[in-house]
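K.L.:
The following block contains the structure, expressed as structure tokens.
Please treat every number below as a calculation from the coordinates, not as lab data. Keep in mind the model is a prediction, meaning the values are calculated, not measured. Please note: Cβ atoms are built from the backbone with ideal geometry, for glycine as well, and neighbour counts cover all protein chains shown.
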């Protein structure tokens, strides 16, 4: 399964969030940049990058950036990724972004997502401008040399294409039904 290509348009979705509401892709129509990030609770990579994603949302929210996390994992295979566990994690970590469940896994399949975390970053016109990992070092925030997501956000907010437009997503595979 290949991810959607750069320059592709945002694929619409309507998914239930941990807040109990249905969230749609166009809920963030006013955002200058929209990040759709496939994520989950149990994956050590997702956990390693989690606090950085939270900080990115907090740092960029005032500049018109909205991140949305989507969990497509099969909760039968991974009970730690159940909707109830997602609600607990979002509350415990005080997520500043929606955390959505893709129960049918259709959205993940449409995007061609295969990893957690895997970022699809769309500009104001909802064209895919960056796809890949948050940065170049999940193990140690102090050893990061290439903050791909932040660099892409800065470029898009400045009206220019990111210098690095695609990186290999690093993380656990999505757990398919």
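Residues are listed down the side, and each one gets a yes or a no for (1) free of Cβ contacts under 8 Å to residues at least 12 places away in the same chain; (2) touching a strand residue (DSSP E or B) at 6+ places or on another chain (Cβ under 8 Å):
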site	(1), (2)
20	yes, no
23	no, yes
46	no, yes
50	no, no
53	no, yes
57	no, yes
61	no, no
67	no, yes
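K.L.:
Restricting attention to the range 1-37, report how many residues are in a strand (DSSP E or B), touching a helix residue (DSSP H, G or I) at 6+ places or on another chain (Cβ under 6 Å) and within 21 Å of residue 106 (Cβ to Cβ).
P.N.:
The qualifying residues number 1.
Residue by residue, here is whether (1) in contact with a helix residue (DSSP H, G or I) (Cβ under 7 Å, 6 or more places away or on another chain); (2) within 19 Å of residue 49 (Cα to Cα); (3) crowded, with 20+ Cβ neighbours inside 10 Å holds:
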| position | (1), (2), (3) |
| --- | --- |
| 100 | no, yes, yes |
| 107 | no, no, yes |
| 126 | no, no, no |
| 142 | no, yes, no |
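K.L.:
For the range 154-170, which residues satisfy the criterion of being crowded, with 18+ Cβ neighbours inside 10 Å and touching a strand residue (DSSP E or B) at 6+ places or on another chain (Cβ under 6 Å)?
P.N.:
Within the range 154-170, 156, 162, 167, 169 meet the criteria.
K.L.:
List pairs: first residue in the range 149-177 and without any contact (Cβ under 8 Å) to a residue 24 or more places away in the chain, second residue crowded, with 19+ Cβ neighbours inside 10 Å and not in a loop (DSSP other than H, G, I, E, B) anywhere in the structure, Cβ distance under 7 angstrom, at least six positions apart or on different chains.
P.N.:
163/155
K.L.:
Select, from 95, 111, 148, the only residue that is out of contact with any helix residue (DSSP H, G or I) (no Cβ under 6 Å at 6 or more places or on another chain), within 16 Å of residue 25 (Cβ to Cβ) and surrounded by 17 or more Cβ atoms within 10 Å (Cβ to Cβ).
P.N.:
111
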